[in-house]
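The values are calculated or read from the model by the stated rules, or taken from the named source; none is laboratory data. The shown structure was predicted, so the numbers you read here are calculated from the model rather than taken from an experiment. For neighbour counting, all protein chains shown are included, and Cβ atoms are generated from backbone atoms with ideal geometry for every residue, glycine included. Just so you know, the surface numbers come from the protein's heavy atoms only, side chains and all, with ligands and any DNA or RNA stripped out. Shrake-Rupley method; radii C 1.70, N 1.55, O 1.52, S 1.80 Å.
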Amino acid sequence: MSVDRMKRISSIFGHVSDARISKLLHELDHQNLVETITLLPEDLKRHRLKVKTDKDHQVAISIPRNIALEDGSVLCLETDRAIIICASKQKWLVITASTPALAIQLGYHAGNLHWKVRFQGAELHVVVVSCYKDYTDRLHDLFKPGDLLWRKMEE
Amino acid sequence: MGAARVGIGGPVGSGKTALIEQMLPAFKSIDISIAVITNDLVTAEDADRIRRSGLIDPERVVAVEAGACPHTVIREDPTLNITAADELEIKFPDLDLILIESGGDNLASTFSLDLVDWWMFVIDVAGGDDIPRKRGPGCLQSDLLVINKQDLAPYVGVDLDRMLLESKESRSGKPVIVTNCRAQMGINKIVDLIVEEVLLL
Ligand SMILES: Nc1nc2c(ncn2[C@@H]2O[C@H](COP(=O)(O)OP(=O)(O)O)[C@@H](O)[C@H]2O)c(=O)[nH]1
Ligand SMILES: [Mg+2]
C-alpha cells in the first residue's frame with residue numbers, strides 16, 4: 001500500500017468546459033502537467049475507485065454519492081498539476097430485424113437478457129459492456145442466419 | 001463520504017452468507033466497522049443466521065425483503081437496499097463498510113453501481129466447472145469472481161485448475177479468488193482486496 005504517494009480525491013473540482021478552468025488547464029498542459037484518467041463509460045457511475053493516470057500515478061477517488069464523475073470532470077487543479085477524467089467511447093451493437101415478427105422476438109430476448117437498449121427508428125441499439133462477442137454469441141444462439149443484421153458502433 | 005458498499009451476488013447456496021460469516025472476524029481484526037444487509041424473498045433467514053452467529057452486533061444486520069425477483073432489488077430498482085444502507089449510516093456514523101448480500105440468483109444477476117461501489121459474484125465448484133464457460137454477466141462483469149467450496153472439487157469431479165484458468169481468461173484481467181469457507185481459505189485475499197480497492201486504505 002503506497003499510501004503516501006497516492007493522490008486522494010474526495011470531491012470534483014469542476015469541469016473542463018468552465019472557461020476559467022479551461023484557461024488554467026491550457027497553461028498547465030503547455031508544461032505537460034495535465035494528467036488524464038481514462039474510464040470506461042460504465043465506470044463513470046462509481047463513487048469509490050482506485051485508478052492510474054496516463055503518467056502512471058495512483059489516484060484514490062472517493063466522492064459523495066450525490067455527485068457523479070463525467071467525461072471532462074476536473075479532479076484537481078493545482079499550480080503544478082491537474083487531473084482530468086476522460087471517458088472512453090461507449091460500444092453499441094446496432095441490430096435490425098428482417099421482419100416485424102423477428103423484431104418482436106428480438107425485443108423479447110433483449111429484455112430477457114437484461115440488455116440496456118435504446119430505440120432508433122427500426123434499429124435496436126444495445127449497450128455493450130466488455131466485449132461484442134458476449135452479445136453476438138447470444139444472437140447466434142437465438143436466431144437463424146439472415147434473421148438479423150448487426151454492426152458495431154462507438155460513440 | 002459515508003461507508004463503502006460492497007455487493008455479494010451469486011446463485012443460491014454458493015456460499016454468500018458463509019463468506020460473510022468468514023469475513024466478519026477478519027474485518028473486525030483490522031478495526032473496520034461493518035454492517036450487513038441481506039436480501040431474501042419474504043423472510044429474514046440469512047439476517048437471522050448472521051445475527052445469531054455472534055460475529056457482529058445484531059443491530060448492524062438488516063434484512064430487506066425483496067418480495068419478488070431477487071435481482072430486481074439489486075439492479076433495476078435498488079431503492080429498498082439504498083434506503084437500508086442510508087439508514088445504517090445514520091444509525092452507525094462510524095461505519096466503514098456495508099456488505100449487501102443478494103437473495104441468490106441465476107448467472108445473469110449483476111449489481112447496480114447506484115447501490116454498490118464494488119461487487120463480487122460467488123459461484124461454487126459443486127455448481128459445475130462449466131459455469132465460467134457459460135459467460136453469464138455475473139461471472140464476466142463482477143469486480144471479483146469468487147469460486148467457493150474448493151474442498152468439494154474432488155467429490156464432484158471438477159478440475160479446479162481449469163475452472164480457474166477459464167474464469168480468468170473470460171474476465172480480461174479482473175481478479176478471481178478460490179475459497180473454502182469451511183477452512184478460512186482465500187478469505188484474507190478477499191478482505192485485502194476490499195481494503196485496497198474499495199476502502200482505499
Ligand atoms: N464444503 C463446503 N461447504 C460450504 C462452503 N461454503 C458454504 N458451504 C455450505 O453451503 C451451504 C450454502 O451456503 P450459504 O452460505 O447459505 O449459501 P448462500 O445461499 O449463497 O448464502 C451451507 O450448507 C454452507 O455450510 C465451502 O467452502 N465448503
Ligand atoms: Mg445466503
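Odds and ends about this structure:
- Efficiency of FRET from Cβ geometry, residue A:116 and residue B:94, R₀ 45 Å, rounded to 0.05: 0.75
- Gain in span if fully extended, residue A:78 to residue A:32, counting 0.36 nm per residue against the direct Cα distance: 15.2 nm
- Whether the protein assembly as shown is rounded, prolate or oblate, judged on the alpha carbon gyration tensor where a/c under 1.5 counts as rounded: oblate
- Of all lysines in the structure, those lying under 22 Å Cα to Cα from residue A:152, and not within fewer than 8 positions of it along the same chain, are A:89, A:91, A:116, A:133, A:144.
- Cβ crowding within 10 Å averaged over residues, with B:123-131, B:29-37 ranked highest first: B:123-131, B:29-37
- Largest-first principal axis extents of the Cα set of region B:4-196 (Å): 46, 35, 29
- For region A:37-133, dividing the convex hull volume of the Cα atoms by the residue count gives 132 Å³ per residue.
- Computed label-point distance, nm, for sites residue A:71 and residue B:169 using a 7 Å Cα→Cβ extension: 3.4 nm
- For the residues of B:194-201, the average number of beta carbons from a partner chain within 10 Å of their own beta carbon is 4.
- Shown is the FRET efficiency for residue A:140 and residue B:86, computed with R0 = 41 Å from the Cβ-Cβ distance and rounded to the nearest 0.05: 0.40.
- Theoretical FRET efficiency, 1/(1+(r/R0)^6), r = Cβ-Cβ of residue A:58 and residue B:31, R0 25 Å, to 0.05: 0.60
- In region A:25-155, Cα pairs under 8 Å separated by at least six residues give a relative contact order of 24 percent.
- Probe 1.4 Å - accessible area at residue B:169, Å² to nearest ten: 130 Å²
- On the principal axes of its alpha-carbon atoms, region B:87-201 has extents of 48, 29, 26 Å, going from largest to smallest.
- Magnitude of the charge dipole for region B:1-101, about its Cα centre and with charges confined to Cβ atoms of Lys, Arg (+1) and Asp, Glu (-1), is about 240 debye.
- Taking Cβ atoms as reference points and 13 Å as the exclusive limit, the residues near residue A:137 contribute a net charge of +3, counting Lys and Arg as +1 and Asp and Glu as -1.
- Net +/- balance of residues flanking residue B:8 in space, Cβ distance below 12 Å, scoring K and R +1, D and E -1: -3
- Electrostatic tally near residue B:50: other residues with Cβ closer than 13 Å to its Cβ, Lys and Arg +1, Asp and Glu -1, net -3.
- Simple spin-label estimate for residue A:131 and residue B:133 in nanometres, 7 Å along Cα-Cβ: 1.6 nm
- Surface share of carbon and sulfur [accessible, 1.4 angstrom probe, percent] for chain B: 52 percent
- Length-normalised contact order for region A:91-154 - Cα pairs under 8 Å, 6+ apart - percent: 56 percent
- Average Cα contact separation per residue, chain B, under 8 Å, 6 or more apart, as relative contact order %: 26 percent
- Between the residues B:127, B:148, B:183, the greatest Cα displacement towards the positive end of the dipole of region B:119-201, with unit charges on the Cβ of Lys, Arg, Asp and Glu, is found for B:127.
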